[in-house]
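Nothing in this text is a laboratory measurement; each read-out follows from the coordinates by a stated rule. What you see is a predicted model; the values in this text were computed from it and never measured. Cβ: placed from backbone, ideal geometry, glycine included. Neighbour counts: every protein chain shown.
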């Protein structure tokens, strides 16, 4: 994958209450947040050199810690949506509009980007979200609120939704 910056891609790991997270940055931008045992972690992220959490990685860890403690409902981090198609990036941006403590459907996300017939493609794009938790793909549920699909696992999705419900 080609990135716009000459800065090296670097990662750090952080033990969240729901498991180890892999956080990736390039320069001052956060590129990725994944549970270290989930599928679809790009090779460029998993193979990047590990560094201590500093700069944007330290700030991401701080904000994630506040989120898991119920003291932060949104993230203020410099994100770079690299990778993915223009369609996928539009889906990822749409996920940012889902309020803390609320859920929406795959159909509603597809509708919000002007592609109401693209529910399956929307679901696929959500599954490729490179910034889990920060871009809240866990807030998307199936018909009638069914918990479906989450690359971090349904138990984690359930836990994230329960956390937000307690603090909303």
Classify the range 86-167 as rounded, prolate or oblate from the Cα gyration tensor: take a ≥ b ≥ c as the square roots of its eigenvalues, call it rounded if a/c is under 1.5, otherwise prolate when a/b beats b/c and oblate if not.
prolate
What length, rounded to one decimal in nm, is gained on full extension from residue 97 through to residue 166, with 0.36 nm per residue of separation minus their alpha-carbon distance?
22.8 nm
Value of relative contact order over the range 86-167, rounded to a whole percent, pairs C-alpha under 8 Å and six or more apart
33
Work out how much length residue 143 to residue 54 would gain on full extension: take 0.36 nm times their residue separation and subtract the Cα-Cα distance, in nm to one decimal.
28.0 nm
What spacing in nm lies between the two simple spin-label points modelled at residue 62 and residue 89, each 7 Å away from Cα in the Cβ direction?
2.9
Defining a contact as two alpha carbons under 8 Å apart and six or more residues distant in sequence, what relative contact order in percent does the chain show?
22
Based on DSSP H runs of at least 4 residues, each adding -39500 (n - 2.57), what is the mean residue ellipticity at 222 nm of the chain after dividing by all its residues, to the nearest 500 deg cm²/dmol?
-10000 deg cm²/dmol
Computed Rg/Rh of the chain, alpha carbon atoms with Kirkwood Rh
0.94
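What ranking do 136-142, 51-57 get when scored by the average of other Cβ atoms within 10 Å per residue, highest first? Could the numbers behind the result be given before it?
Details: 136-142: 22.1, 51-57: 15.4.
Output ranking for 136-142, 51-57: 136-142, 51-57.
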Working out 0.36 nm times the residue gap between residue 6 and residue 43, then minus their Cα-Cα distance, what length gain in nm do you get to one decimal?
11.5 nm
Crossing angle, helix 154-167 versus the chain [Cα axis fit, 0-90 degrees, rounded to tens]:
80
For helix 86-95, what angle does its Cα long axis make with the longest principal axis of the chain, in degrees from 0 to 90 and rounded to 10?
80
Of all DSSP beta bridges in the chain, antiparallel share, percent nearest 5:
75
Semi-axes of the range 9-68 from the Cα gyration tensor (sqrt of 5 times each eigenvalue, largest first, whole Å) come to 16, 15, 9
